[in-house]
1. Residue check: is residue A:233 away from every other protein chain (no Cβ under 14 Å), under 28 Å from residue A:123 (Cβ atoms), part of a strand (DSSP E or B) and β-branched (Val, Ile, Thr)?
2. Give the residue, chosen from A:269, A:265, that is within 13 Å of chain B (Cβ to nearest Cβ), touching a residue at least 24 places away in the same chain (Cβ under 8 Å), farther than 30 Å from residue A:381 by Cβ and buried (at least 21 other Cβ atoms within 10 Å of the Cβ).
3. Take the conditions hydrophobic (A, V, I, L, M, F, W, C), touching a strand residue (DSSP E or B) at 6+ places or on another chain (Cβ under 8 Å) and not assigned by TED's automatic domain parsing to the domain that holds residue A:317 and apply them to residue A:96. Does it pass?
4. Within the stretch B:1-54, can you find the residues that are touching a strand residue (DSSP E or B) at 6+ places or on another chain (Cβ under 8 Å) and among the aromatic types (Phe, Trp, Tyr)?
5. Do you know which of the residues in the stretch B:175-196 that are touching a helix residue (DSSP H, G or I) at 6+ places or on another chain (Cβ under 8 Å), assigned to a helix (DSSP H, G or I) and open to solvent by 20 Å² or more (accessible area, probe 1.4 Å) is nearest to the other protein chains (Cβ to nearest Cβ)?
6. Residues to consider are C:29, C:46, C:99; find the one that is within 14 Å of chain B (Cβ to nearest Cβ) and touching a residue at least 60 places away in the same chain (Cβ under 8 Å).
7. From the residues in the stretch C:19-38 that are surrounded by 19 or more Cβ atoms within 10 Å (Cβ to Cβ) and either out of contact with any His (no Cβ under 8 Å at 6 or more places or on another chain) or aromatic (Phe, Trp, Tyr) (or both), which one is modelled with the lowest pLDDT?
8. Report whether or not residue A:406 is touching a residue at least 24 places away in the same chain (Cβ under 8 Å), closer than 23 Å to residue A:47 by Cα and either under 11 Å from the mean Cα position of the chain (by Cα) or in the same structural domain as residue A:439 (by TED's automatic domain parsing) (or both).
Amino acid sequence: MKLRQKAALAIAAISLASVAGVGPANAASIGGGGASFLANMMDICAAQYNRNTQSNTASDIVTYASVGSSSGKTGFQKGTYLFGGSESAYASGSAVPAGLVYVPLIGGAIAIGYRLDGITPANATVRLPSEVVAKIFAGQITKWNDPAIAAANKATIVAKKLKTTKDGITASVTKKASNVEFLVTMTPAATTKYKNAKVTISAAVLGGEPVSIYSAKSAAKLSKTQTYAVNTVYTVKAGKTLVGTLTTEAAKDGETITFPNTAIRVVHRSDGSGTTNNFINFLNKSFPAIWTKPTSDTYSTGFPTTLPADGSFQSAKGNEGLASYVRDNNGAITYAELSYLEERGVKAAAVSNPAGKYVLPTPTSSAVWLDAAEVAADGLVTQNFTANAADAYPINAVSYGLSTTSVSATNASVKSFFSYFLNTCASKNAAGAGYTPLTGAILAKALAQVAKVNAG
Amino acid sequence: MVVLAAIGGFLLYRGFEIFKDFGFSFITGSKWDIGNAEDTSTAILGIGAMLFGSVITAIIAVVISVPFAVATALLIEFYVPKWFKTILISVLDLVAALPSVVFGIWGYAVLLPLVENWSKTIEHYLGWIPIFNVPSGIFGRSPFLAGLLLGLMIVPIITSVAREVYSQAPRDLIDAASALGGTRWGALRAVVLPFGRSGLVGGTMLGLGRALGETVAVYLTLNLVFQVNFKILASAGGNVASLIATKFGEATEYELKALMAAGLVLFLVTLLVNFGATIIVNKSRKIV
Amino acid sequence: MSISLQGTIGRGEFERSLDFSVVDGEVLAITGPNGSGKSTIIHTIAGLIPLRSGQLQSENIIWDNPSVKTWIAPEHRTCAVVFQDLRLFPHMSVVANVAYGLRAHGVHKDEALSRSSAVLMQVGLSSFEKRRPENLSGGERQRVALARALVVEPRVLLLDEPLSAVDVASRAALRELLPEILSSFAGATILVTHDLGDVEAVATRSLGLI
């Protein structure tokens, strides 16, 4: 095995040198493989690295095969791949390469992609409470017009209110051209009572965070002019007393979506997958009553019961396969790294986080969630499933590069590539490609892990 | 024969532990769960559903392809002019030489939407028959689609065998039949079809063997689910060969042994089919 | 006149001009050595070999005339053939062999079977219905072939060496049976043979080919 590999490498090196006519004699083909979750990012970084003569001093050719985390782990352990990619650790008891090093490389949102024809309004983005996600993927919700889904997709209407009075304080709002004008008046009694308090006005576009737009010492008469913004609710306070909320016209939060009576097709991975592992881990940790089994790379193993054989559950290979299936089939829903949905124009649902807010998967909202994660001494990241930042997207994964501490020309090349990936490539390209670059403690730990590669 | 024995021996050697651990339930069980990697006794491995899937898709394939192949063979041998015959034969050879992955992709991209619509129609009119009933309303990647695709794949094999035996049908008897008032078709039915029956059975068995072992085309057009699904229009199924292809890359040591065992079962079934074919062919030869 | 042929028949290199006609109730024996074209005449009339030139006609219907591009397919000619090599269907029982022609003409199965049985009785094979041709003697097979031709009630009966494939003992029996059957046959019969004994036994007229 070893000998054959060396021979193959030598042949690859010779052919490269002879074809390219350049490059040092030690140039090698570094073939890695594993998780499809990070394959899009790998493709970008490997291509850039292969061209980059400054970082890639050995003129290596790095390639990556998107075969799934399980195949990546097995393949790396058996020596089929010179480095691996996976979002899940080796299962306890399975054969592990000697001196294994997990290097966190990149984060990403596991987006809930769906295709649903015939909803009104047609381009609406579906909102799914995370519990509904858990039930859909467990086969407990099987129709798109299920009441639980419909309930989460009703617009909240705040009625028009131009004037409010409390405790002798009257606040009113008037819309004038492209501005709104506020007027706050106080009775003499109120003026006395709130003498040392501040009158504040904050504005909140529905569904968003309130922003303070006015703060002043209380007086018998106060006024403020502000640029008009649609769907905005203004909150007036005097000290800690809530005077009331004002809106210039009926404000609407979200859209009411009418769902067709379409059967849900859950699309899951046919191959062993770190994406699956992270997704089921989220479901198991967040809703242990529904997802009763510990997570697994294999969907059917982590699935709480037996997968139904009536076609309501569909399997496909790789993040690519999942996203393509959803693109092609009405009623389908899946879990896949954001970039795969974006590539294919598949819509992602907004999912509720522990803070109760619906958040779309984006590199930013994913980064907020991963900020709360912890990284262990061995480089493995543990997510905080109760993190309650309001703008965090709750379903995410971190991809690890797999290498070993043993010293070899190959590992030197892998180390160089991983450093380039973390230091140069990810920060520049990840967000644009739909990935979440690592920052802070995780990045620091990741760099420390890279240092262990090829270090003996 | 030596090669055959060597393959069988290798598979038996690698898969023996699995047969020892699971016995007959490896063939009848339909759960595939490697359990805890540390402790192989937690694994539950059974290829029942996949074996069933292999058989049902192969049967569908044969049911669809035999009439097709017979019609094509008769057409080529007895109806079309010579220049067209040459074209038809080379087209068939071309189809036979197509890699199955091309078939699979074509099946996924072109046949799938068509079959989905046909399935809906069939379910609408024949849904009261249990095997055509699809309560979930999800058709798509069904055993019917995979079987249909396999059927198209094995048409050339069966056709070429049928053509060969039909071409050897005695012209004298065909003449005799028409001299007695039999039409062209009547003469073919009275003479050629019975004469070629044994050869056709042989060709069909050959096709069946290929359909049983086909991997890529089934992998691309069937939704892999580890449960026995006899509702052929519903989108769930699998076969042994595609199971092996799916799991091979990521398999643990123990799972690998199970895949070898599954390979052995497939090997034996295929062998049995060929053996059966020989017996049937010999038997039907005696009748004629 | 029931059947007439004026023209050239041929197969491969062989070619021969002929001019004859046969009327209903007549038995024309055509004799000649091997290679004189006896079987070719039968095949040409049956429509298995096209006429080279001239005309083949039955009643007022032209069966074959290359100059006016008229050709009637074998199955539409009102004739029936007993081939020299019999050509029984090996996979069918005796009665199914006989019934084949009737079934091909669209006769209902039950009727075809009962009519076949009747004809089989006429040729003395009533207890052989369920057997297969391979289990019959040469003489018995010859009778099946005869029955198979007669049952469709053809206007023209074509017999190609009907007694050649038979052992001596059976031949005597057939020579008695054949005239009996042909005398009750209403149409025209053409008998091809190289055995002058046959001619004597059954023919009303003979034509010698040299």
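The values are calculated or read from the model by the stated rules, or taken from the named source; none is laboratory data. What you see is a predicted model, and the numbers here were worked out from it, not measured in a lab. Every residue, glycine among them, receives a Cβ derived from its backbone with ideal geometry; neighbour counts consider all protein chains shown. We work out accessible area using only protein heavy atoms, side chains counted, and drop any ligands, DNA or RNA first. Shrake-Rupley method; radii C 1.70, N 1.55, O 1.52, S 1.80 Å.
1. When the stated conditions are applied, residue A:233 passes them.
2. Every option except A:265 fails the conditions.
3. So residue A:96 does not fit the description; no.
4. Within the stretch B:1-54, B:22, B:26, B:32 qualify.
5. Among those residues, the one meeting the criterion is B:175.
6. Unique residue meeting the criteria: C:46.
7. Among those that are surrounded by 19 or more Cβ atoms within 10 Å (Cβ to Cβ) and either out of contact with any His (no Cβ under 8 Å at 6 or more places or on another chain) or aromatic (Phe, Trp, Tyr) (or both), it is C:37.
8. When the stated conditions are applied, residue A:406 does not pass them.
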